[in-house]
Amino acid sequence: MKAIIKRALPALLLACAASANAGVIDLGSVDKNYGSATGYVNTNTGVRKPCDKMGTNAVTVKDTPSGCSWFSDAFDFSALGTKNIDSFDLTLTFSNTNDSFALGPTRTFEDWRVQVGDSATSKSAVEMDLLNSLALTSQTFHIDATTHADVFSNIAANGKFYLSFRDDSWLSSEFILRSASLKVNGIEAADVPEPASIALFGVAMLGAAVARRRRAAK
């Protein structure tokens, strides 16, 4: 019996430890394809007076001239659940973010920033850089309680994620946004050990004690 317990001890300990671990799981995503075509998301609706130009399958996001609004969009993920939110992965598909102009001997490029908010007017102080690219490009940003501590808890609790952009260059700039996908990551609840698992753990601990006693006796 003692020999059986000794041989089974590593597996028993591993099984008991695994039952207590919790992992990150995919709760789902909110996906948006921008444009004026049927089935696409047209952000130029409602009472806003936006600067953005809608195409059939994309939106041209413009820097803010006077008299019109910045691009903004809300992602409602409340249907996916708002308990135990771990993080978000935001994937954008875009192009034409590297226009430039010459100022004397210096060439200045666009510098587009991604902004995350917990409401239409409240944005994180932490901005993320869009890649400079003329070609169609996809880029993924990870947002969690560490990277965006000033808005993350409110986003997770309210079930809404707000997206906007800002150009940090001197240009009157624009770029083409095709799509945005917000993946919601949750924390899987830890399994509570069943009585049988607890009993196995007890047997494993007993076996460990017996093995230590035998080694000490030698």
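Restricting the search to the range 116-168, which residues are in a loop (DSSP other than H, G, I, E, B), among the polar types (S, T, N, Q) and within 18 Å of PHE94 (Cα to Cα)?
Answer for the range 116-168, where residues must be in a loop (DSSP other than H, G, I, E, B), among the polar types (S, T, N, Q) and within 18 Å of PHE94 (Cα to Cα): ASN132, SER133.
Scan the range 10-26 and tell me whether some residue there is at pLDDT 70 or above, open to solvent by less than 40 Å² (accessible area, probe 1.4 Å) and under 27 Å from ASP144 (Cα atoms).
Checked against the condition, which is being at pLDDT 70 or above, open to solvent by less than 40 Å² (accessible area, probe 1.4 Å) and under 27 Å from ASP144 (Cα atoms), the range 10-26 yields at least one hit.
Just checking, which of ASN42, ASN57, ASN33 is modelled with pLDDT under 85 and within 22 Å of SER181 (Cα to Cα)?
Just one listed residue meets the conditions, ASN42.
Out of the range 166-188, which residues are under 16 Å from GLU127 (Cβ atoms), surrounded by fewer than 19 Cβ atoms within 10 Å (Cβ to Cβ) and among the small types (Gly, Ala, Ser)?
SER169
Any residue in the range 136-165 that is open to solvent by less than 10 Å² (accessible area, probe 1.4 Å) sitting within a Cβ distance under 8 Å of a residue that is among the basic types (Lys, Arg) and outside any helix (DSSP H, G or I)? List the pairs, counting only those 6 or more apart or interchain.
Taking only residues 6 or more apart or on different chains, the pairs are VAL151/LYS123; SER164/LYS123; PHE165/ARG113.
Within the range 111-125, work out how many residues are within 14 Å of LEU163 (Cβ to Cβ) and surrounded by fewer than 15 Cβ atoms within 10 Å (Cβ to Cβ).
Qualifying residue count, the range 111-125: 5.
The values are calculated or read from the model by the stated rules, or taken from the named source; none is laboratory data. This is a predicted model, so every value here is computed, not measured. Every residue, glycine as well, gets a Cβ built from its backbone with ideal geometry; the counts of neighbours run over all protein chains shown. Note: accessible area is taken over every heavy atom of the protein model, side chains too, but ligands, DNA and RNA are not part of it. Shrake-Rupley method; radii C 1.70, N 1.55, O 1.52, S 1.80 Å.
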